[in-house]
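**Student:** First the structure, which I've put down as structure tokens, then a few questions once you've had a look.
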Amino acid sequence: PRRARKRAQAYRQIWQKEGSPLIVYSEQLAQSLQEYMGESFIVATGMCFGNPSVSSALHKLLALKPHRLIVVPLFPQYSSAASGGALETTLKSLQKSEVFPQMNFVAQYFDHPQYIQTLSTHIATYMHAFQPDMLLLSYHGLPITQVKKSCSKAAAGTCPPSAACPHIDPSNQHCYPAQCYATSALLGQELKLSDEQYRICFQSRLGRQAWLQPYMEPMLDQLYREGKRRVMIACPGFSIDCLETLEEIGLRARNYWLQLGGEDLQCIPCLNAKTDWVRALAQIAIEASTPETTEMPHATNTQDAA
């Protein structure tokens, strides 16, 4: 009950007149994606928890009898909890249907060139205006026990939870933190930042068990001790602004930083329905349906559902 009350209070602080920011921005993204992709595709939004649900989105799409279903979770880095949960929810919903079209599932796009380019350009715009002395890349945390199930190096204890993951290879290709570090390295290269100009942390820890480190608040403590005073935070693991970005980072982390004595802390908005992101996401979906395609196809008489 206490956690529910705190969560309700947090939502009240970020609520928009149109409703939940997550739903508002998700619907804006779907509408923009539909307009950009044209009549050869039908786009619908579905959520594993809440409305519009995955089940309602599939009901809408399958009623149109598409020949292919493209499922794109808005999680760039793969984790069984998020991306895997989206796939599981989709398959369970499809089992109730008499129609089961060919399905393509985008498990991850943490290193997709257009995702990296779009996000780095977005971040650069805000950094130019704010002039931070440190860029902090914050990702949603995961329990260490969950990470070990998808990464043999973590399971063997050769990859400490507070250290940078090694380069991705077959033994850790599904490792969530390895993908987070890979995304960060690519963003750092695009932004032309040295290793001293950006850091990585993990947020949203629940309970007392060990999660991925470094945690958010200890990282802010460390940055303050190092003499940093203007911190900018980007959340590459979130495509849409939500409670974790708007309240946890935009309000709570900022207040924590100011109480430490920091000059300012700004959270960069997620890509949401930004035009460049709409184009990049469309390309990701197209590549999932036709791996040999590198450009948007011309409209055809058949429809795909995304």
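Rule-based calculations on the coordinates, nothing more; no lab input. Note that the structure is a prediction, hence the values are computed from the model and not measured. Because the Cβ atoms are built from the backbone with ideal geometry, glycine has one as well, and the counts that use them run over all protein chains shown.
**Student:** Hey, rough spin-label estimate for K6 and L251, points 7 angstrom out along Cα→Cβ, what's it come to in nanometres?
**Tutor:** 1.4 nm
**Student:** Would you mind computing, in nm to one decimal, how far apart the modelled labels at K192 and Q222 are, each placed 7 Å from Cα along Cα→Cβ?
**Tutor:** Using points 7 Å along Cα→Cβ, the separation is 2.8 nm.
**Student:** Shifting gears a bit: Neighbouring Cβ atoms within 10 Å as the yardstick, rank E35, E244, E217 fewest first.
**Tutor:** So the residues, fewest neighbours to most, are E35, E217, E244.
**Student:** Tell me, for the chain, which Cys residues have no other cysteine's C-beta sitting closer than 4.7 Å.
**Tutor:** C48, C159, C165, C180, C201, C235, C242, C267, C270
**Student:** Which of these, E39, E196, E248, has the largest mean-square fluctuation under a Gaussian network model of the chain (Cα springs below 10 Å)?
**Tutor:** Greatest mean-square fluctuation among the candidates belongs to E196.
**Student:** Still on this structure, I have one more. For region 72-212, rounded, prolate or oblate, judged on the Cα gyration tensor with a ≥ b ≥ c (square roots of eigenvalues), a/c < 1.5 rounded, else prolate if a/b > b/c?
**Tutor:** oblate
**Student:** Can I ask one more? Express in nm, to one decimal, how much length is gained between E35 and Q95 on full extension, taking 0.36 nm for each residue of separation and deducting their alpha carbon distance.
**Tutor:** 18.6 nm
**Student:** Pop a pseudo-label 7 angstrom from the Cα along the beta-carbon direction at both R230 and D133 and give the gap in nm to one decimal.
**Tutor:** That separation, rounded to one decimal, is 1.0 nm.
**Student:** Quick one: Karplus J couplings for region 72-81, per residue in order, coefficients 6.51, -1.76, 1.60, θ = phi - 60°, nearest Hz, x for Gly and Pro?
**Tutor:** Whole-Hz 3J(HN,Hα) from phi for region 72-81: 10, x, 8, 10, x, 9, 7, 8, 5, 5.
**Student:** Would you order W15, W257 from fewest to most other beta-carbon atoms within 10 Å of each residue's own beta-carbon?
**Tutor:** By the 10 Å Cβ count, ascending: W15, W257.
**Student:** Check which residues have an amide H placed less than 5 Å from S79's amide H, if you skip close sequence neighbours.
**Tutor:** G84
**Student:** Could you give each residue of region 125-139 its phi-based ³J(HN,Hα) in whole Hz, using Karplus coefficients 6.51, -1.76, 1.60 with θ = phi - 60°, and x for Gly or Pro?
**Tutor:** 4, 6, 5, 4, 6, 8, 6, x, 9, 7, 9, 10, 9, 10, 10
**Student:** Between [x] 73, 69, 33; [y] 61, 48, 44; [z] 54, 44, 39, which matches Cα extents along the principal axes in Å calculated for the structure shown?
**Tutor:** Of the listed options [x] 73, 69, 33; [y] 61, 48, 44; [z] 54, 44, 39, [y] comes from this structure.
**Student:** When H167, H140, H59, H112 are ordered from fewest to most other Cβ atoms inside 10 Å of their Cβ, what list results?
**Tutor:** Lowest count first: H167, H59, H112, H140.
**Student:** Restricting to DSSP H runs of at least four residues, report the calculated mean residue ellipticity at 222 nm for the chain, -39500 (n - 2.57) per run over all residues, nearest 500 deg cm²/dmol.
**Tutor:** Computed ellipticity for the chain at 222 nm equals -13000 deg cm²/dmol.
**Student:** Quick one: compute the contact order of the chain, relative version, from alpha carbon pairs under 8 angstrom and 6+ residues apart, as a percent.
**Tutor:** For the chain, the relative contact order is 28 percent.
**Student:** In percent, how large is the relative contact order of region 113-267, given Cα pairs closer than 8 Å and 6 or more residues apart? Intermediate results must be reported in sequence, preceding the final value.
**Tutor:** On the way: 209 pairs, mean separation 48.0, N = 155.
Answer for region 113-267 is 31 percent.
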